[in-house]
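Below is one structure, written out as structure tokens; the observations come after it.
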Amino acid sequence: MNQNRIFYGNACFLVEKIDKESGEELASILENNGFGGTEWINLPKSGLVHVNVESMRYGYTINGIRIASNNYDEVPNHPFTVNEFKTIWDVLKKHRINKTRVESRERKYLDSGYSCFLVKDKNLKDSGDDFWTYLNNEKFKSLNNNDTSAEWVLINVGNSTYINISENEDIHSYVEDNLENALDCDEFKTIWEVIRIHRK
């Protein structure tokens, strides 16, 4: 089993440019939350925006050109609404305290990060914890090589996989580097309840 599948996708969401109810522009919401734009070539832009929650960069989509892949492989006819993104960001921003924001405006930073969310809870060591039932009910598949449990689980929303024990050096390093900023189980559920609406 290829455990590196947990690193599929990136940390980018495809979001509507304008909130349909309030008329508020996504760009101003992002700028007020510390996101920065990217440099663009002079081509007509569509009404959608790629927002990377890891690099904290955003960029407008360009008709006919794939400028970034996304967290959940959203398609242009089913992007996240501004309110859906705000719900997700309200959870994630609490965990940005110890993260370094990318300062470069290069477009490549729209494709950084993974479609992963790291969750930490001491109860996850118990294989009977309700969160394992929740993941199973939501059709997430385990990439574990054995039944041992840790106090963390790395969940990929793009390919519906998770792993919570591994001797893989890449996974071990990722968990170690991000454990301080991990979500709790309820925070992940809040995010997933928004993302799951976009399941194909």
Review point. Before we move on, is GLU193 surrounded by fewer than 16 Cβ atoms within 10 Å (Cβ to Cβ) and under 18 Å from the mean Cα position of the chain (by Cα)?
Key: yes
Practice item. Pick out, from segment 11-62, the strands (runs of 3 or more DSSP E) lying fully within it that include 3 or more residues that are over 27 Å from ASN178 (Cα atoms). Key: 45-52, 57-62
Check your understanding: When segment 92-130 is examined, which residues are found to be surrounded by 12 or more Cβ atoms within 10 Å (Cβ to Cβ), assigned to a loop (DSSP other than H, G, I, E, B), under 18 Å from the mean Cα position of the chain (by Cα) and not β-branched (Val, Ile, Thr)?
Key -> ARG96, LYS99, ARG101, SER112, GLY113, TYR114, SER115
Review point. Hey, among the residues in segment 142-179 that are among the acidic types (Asp, Glu) and over 21 Å from THR190 (Cα atoms), which one's modelled with the lowest pLDDT?
Key: ASP147
Review point. Of the numbered conditions (1) among the polar types (S, T, N, Q); (2) farther than 18 Å from VAL49 by Cα; (3) surrounded by 12 or more Cβ atoms within 10 Å (Cβ to Cβ), THR81 satisfies every one except a single condition; which is it?
Key: (2)
**Study point:** Residue list for segment 151-180, restricted to those being part of a loop (DSSP other than H, G, I, E, B) and charged (D, E, K, R)
**Key:** GLU151, GLU167
Point to revise | Tally of residues being under 18 Å from the mean Cα position of the chain (by Cα) and either crowded, with 18+ Cβ neighbours inside 10 Å or touching a residue at least 40 places away in the same chain (Cβ under 8 Å) (or both) across segment 151-183 | key: 21
Revision key, fill the gap. Listed by first then second residue, the pairs whose first member lies in segment 81-103 and is among the hydrophobic types (A, V, I, L, M, F, W, C), whose partner is in a helix (DSSP H, G or I) and surrounded by 13 or more Cβ atoms within 10 Å (Cβ to Cβ), with beta carbons under 6 Å and at least 6 positions apart or on separate chains, are VAL82/LEU26; ILE88/ILE191; ILE88/VAL194; VAL91/GLU187; VAL91/THR190; VAL91/ILE191; VAL102/TYR109
Point to revise | Residue satisfying condition, being part of a helix (DSSP H, G or I) and loosely packed, with under 14 Cβ neighbours inside 10 Å, within set THR133, THR148 | key: THR133
Revision key, fill the gap. Scanning segment 80-91 residue by residue, those within 14 Å of the chain's Cα centre (by Cα) and of a type outside the set (S, T, N, Q) turn out to be PHE80, GLU84, PHE85, LYS86, ILE88, TRP89, ASP90, VAL91
**Study point:** Test set (1) touching a residue at least 12 places away in the same chain (Cβ under 8 Å); (2) of a type in the set (Ser, Thr, Tyr); (3) closer than 24 Å to ASN2 by Cα; (4) out of contact with any His (no Cβ under 9 Å at 6 or more places or on another chain) - THR133 fails condition number
**Key:** (1)
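The values are calculated or read from the model by the stated rules, or taken from the named source; none is laboratory data. Bear in mind the structure is a predicted one, so any value in this text is a computation, not a measurement. Counting neighbours? That spans all protein chains shown, and the Cβs are built from the backbone with ideal geometry, glycine included.
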